[in-house]
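A.B. asks: The structure's right below; bear with me while I get my questions together.
The values are calculated or read from the model by the stated rules, or taken from the named source; none is laboratory data. Keep in mind that what you see is a predicted model, and the values were worked out from it rather than measured. Methodologically, a virtual Cβ is constructed for each residue, glycine included, from the backbone with ideal geometry; neighbour enumeration extends over all protein chains shown.
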Amino acid sequence: MNIGFDAKRAFHNGTGLGHYSRTLIRSLSDYHPEHQYYLFNPRHSSEFELKGNNLQEIVPTDFLSRLFSSAWRSSWVKKDLQRLKIGLYHGLSHEIPVGIERTGIKSVVTIHDLIHERYPEQYNAIDVKIYSKKFRYACEHADKVIAISEQTKRDIIEFYKTPENKITVCYQSCNPAFGEEVNEEERKRIREEYDLPEQFFLYVGSVIERKNLLNICKALFLLRNELDIPLLVIGEGGKYKQQVKDFVTQNGLGSKVIFLSEHEKARSSPSFRSAKVFPAIYQSAIAMIYPSFFEGFGIPVLEALWSRLPVITSSVSCLPEAGGSGAYYVNPASAEEIATGMKKIYRDKGLAATLKEKGWQHAQNFTQQKCADAVMNVYKSIW
């Protein structure tokens with residue numbers, strides 16, 4: 001079977017949607033090599049590579065398609081799908097080409113979350129309308145819908161009235177490098193290269209309101225006389241990030257919150273931008289702190305579990321699905337609970353060891369092969 005993917009984010013996105021796309025494509029290529037996989041990319045990029053004997057990148061070739069690459073991706077690509085005899089097309093991030101249902105090509109779409117529907121006030125009003133139109137169209141016209149968590153499945157049914165039997169939950173995996181132990185010499189080299197402290201708590205994710213970095217900083221303030229451990233922040237943001245930085249400055253936490261993504265060494269490092277050094281950073285931390293108010297899945301939680309890194313995360317949304325019995329759960333609205341979790345994990349080595357072991361065991365539910373097999377079963381159900 002010739003299988004096509006909307007690979008825009010696989011080649012151009014360094015955050016969650018990109019990680020999902022690259023991991024799934026590589027996993028399918030490795031564990032189901034009998035198929036040919038065509039990666040439809042509106043604009044060539046060398047930042048992220050996807051290579052294999054059964055992987056082929058397809059970019060627009062004619063002048064108009066190159067000039068209007070967004071139109072090629074959202075509609076005109078159908079001609080290339082037919083030319084290459086694609087039997088199934090998978091929109092990896094919420095979209096499928098308009099009119100694909102009239103080509104005879106089967107289609108699958110992955111819906112990661114419907115946060116713009118649940119929390120529209122956190123988005124530009126025009127963006128909400130655009131997202132809603134695209135996501136709703138995809139759920140209506142795709143042959144199958146993949147939700148990356150039970151939470152997302154419930155949201156698709158609630159907001160778009162998609163029939164439950166059309167939706168399959170397929171959990172995602174992560175880069176297998178997180179599960180490989182990084183030796184102390186290499187961890188030390190990375191710490192020195194990026195000027196990291198010997199001990200630190202870790203936050204990874206976009207610095208936006210629902211991901212709740214501000215309450216982590218409030219927890220640090222509550223612990224200011226008890227723990228002298230800084231927080232390392234990896235992630236970009238806008239207005240909300242400035243709000244967090246204002247709190248940090250006003251409360252004398254400047255030396256305790258390190259915005260690593262702003263450092264010149266990180267900005268100029270291909271290894272940092274591609275997350276190649278992240279496993280070493282994760283394995284050098286005391287704990288991952290991820291008290292998000294709402295997620296589609298929460299891939300940093302899974303990356304931490306694979307890294308045998310204790311996780312403090314929220315008891316709401318899909319995060320108990322991601323963390324299982326291997327995480328310490330808190331009310332994300334409570335800086336006090338977050339602070340208590342940080343203090344307990346730092347001081348109670350037995351608790352930290354238990355979380356590491358249970359987290360590792362839970363992570364085995366999200367191996368690359370299991371996730372690839374689940375998606376392949378969805379494909380086979382509509383061939």
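A.B. asks: Only one residue in Val233, Val204 is free of Cβ contacts under 8 Å to residues at least 40 places away in the same chain and farther than 19 Å from Thr340 by Cβ. Which one?
C.D. replies: Val233
A.B. asks: Of the residues in segment 26-57, how many are in contact with a strand residue (DSSP E or B) (Cβ under 6 Å, 6 or more places away or on another chain) and free of Cβ contacts under 8 Å to residues at least 40 places away in the same chain?
C.D. replies: Qualifying residue count for the region: 9.
A.B. asks: Report, by residue number, each residue of segment 323-348 that is hydroxyl-bearing (Ser, Thr, Tyr) and at pLDDT below 95.
C.D. replies: Passing the criteria: only Ser325.
A.B. asks: Right, something else. Condition test on Gly16, is it touching a strand residue (DSSP E or B) at 6+ places or on another chain (Cβ under 6 Å) and touching a residue at least 40 places away in the same chain (Cβ under 8 Å)?
C.D. replies: no
A.B. asks: Considering only residues of segment 44-64 that are aliphatic (A, V, I, L, M) and within 26 Å of the chain's Cα centre (by Cα), which is modelled with the lowest pLDDT?
C.D. replies: Among them, the one singled out is Leu50.
A.B. asks: Please report, ordered by residue number, the strands (runs of 3 or more DSSP E) entirely within segment 275-383 with at least 3 residues that are within 25 Å of Leu260 (Cα to Cα) and of a type outside the set (D, E, K, R).
C.D. replies: Correct list: 288-290, 311-314.
A.B. asks: Turning to a different aspect of this structure: Please state which of the following conditions Gln242 fails to meet, knowing it meets all the rest: (1) free of Cβ contacts under 8 Å to residues at least 12 places away in the same chain; (2) outside any helix (DSSP H, G or I); (3) within 17 Å of Lys211 (Cβ to Cβ).
C.D. replies: Condition (2) is where Gln242 drops out.
A.B. asks: With (1) within 27 Å of Ser325 (Cβ to Cβ); (2) at pLDDT below 95; (3) not aliphatic (A, V, I, L, M) as the list, and Arg273 as the residue in question, which single condition is left unmet?
C.D. replies: (1)
A.B. asks: Run Val109 past the list (1) free of Cβ contacts under 8 Å to residues at least 12 places away in the same chain; (2) touching a Gly at 6+ places or on another chain (Cβ under 7 Å); (3) of a type outside the set (Ser, Thr, Tyr) and report the number of the one that doesn't hold.
C.D. replies: Single failed check for Val109: (1).
A.B. asks: Just checking, does segment 87-109 include any residue being of a type in the set (Lys, Arg) and farther than 19 Å from Val145 by Cα?
C.D. replies: no
A.B. asks: Please determine whether any residue of segment 256-267 is touching a Gly at 6+ places or on another chain (Cβ under 8 Å), modelled with pLDDT of 95 or more and in a loop (DSSP other than H, G, I, E, B).
C.D. replies: Looking through segment 256-267, none of the residues is touching a Gly at 6+ places or on another chain (Cβ under 8 Å), modelled with pLDDT of 95 or more and in a loop (DSSP other than H, G, I, E, B).
Residue-by-condition table, conditions (1) part of a loop (DSSP other than H, G, I, E, B); (2) surrounded by fewer than 19 Cβ atoms within 10 Å (Cβ to Cβ); (3) at pLDDT 95 or above:
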| site | (1), (2), (3) |
| --- | --- |
| Leu196 | yes, no, yes |
| Leu202 | no, no, yes |
| Arg210 | no, yes, no |
| Cys217 | no, no, yes |
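A.B. asks: State the number of residues belonging to segment 161-180 that are part of a helix (DSSP H, G or I) and surrounded by fewer than 20 Cβ atoms within 10 Å (Cβ to Cβ).
C.D. replies: Counting residues in segment 161-180 that are part of a helix (DSSP H, G or I) and surrounded by fewer than 20 Cβ atoms within 10 Å (Cβ to Cβ) gives 6.
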